[in-house]
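Read the structure below first, then the notes.
The values are calculated or read from the model by the stated rules, or taken from the named source; none is laboratory data. In this text the structure is predicted, and so the values were computed from the model without any measurement. Methodologically, a virtual Cβ is constructed for each residue, glycine included, from the backbone with ideal geometry; neighbour enumeration extends over all protein chains shown. Calculation scope for accessible area: heavy atoms of the full protein, side chains included, ligands and nucleic acids excluded. Shrake-Rupley method; radii C 1.70, N 1.55, O 1.52, S 1.80 Å.
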Amino acid sequence: MSGVLGRDGPPSSRAVDVAMPEPVVSLHFSRDAVCALLQSGGVRCWGSNFSGQHGVVPILQSAVPLKVD
């Protein structure tokens, strides 16, 4: 599991809410990671970061959304 649900906790077969600081304009999904574009233009990513796809290093994965600078 790579935390692709965007929250800590057990796996779920149902949709779950993901806490964001503001409205999400769009989502980008890859096999093991998700990034959200926020209304302000900010980006939050979670899931696998094995290849640095979050833009946050050295964290290899995150179960919760991380701010991308």
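Taking a probe of 1.4 Å, how large is the accessible area per residue of the stretch 16-69, in Å²? Write down the numbers at each step before the final one.
On the way: 3470 Å² over 54 residues.
It amounts to 64 Å² per residue over the stretch 16-69.
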Computed from the beta carbon distance with a Förster radius of 25 Å, FRET efficiency for residue 69 and residue 16 to the nearest 0.05 stands at 0.45
Please sort 38-49, 13-24 by packing, taking for each peptide the average over its residues of neighbouring beta carbons within 10 angstrom, highest first. 38-49, 13-24
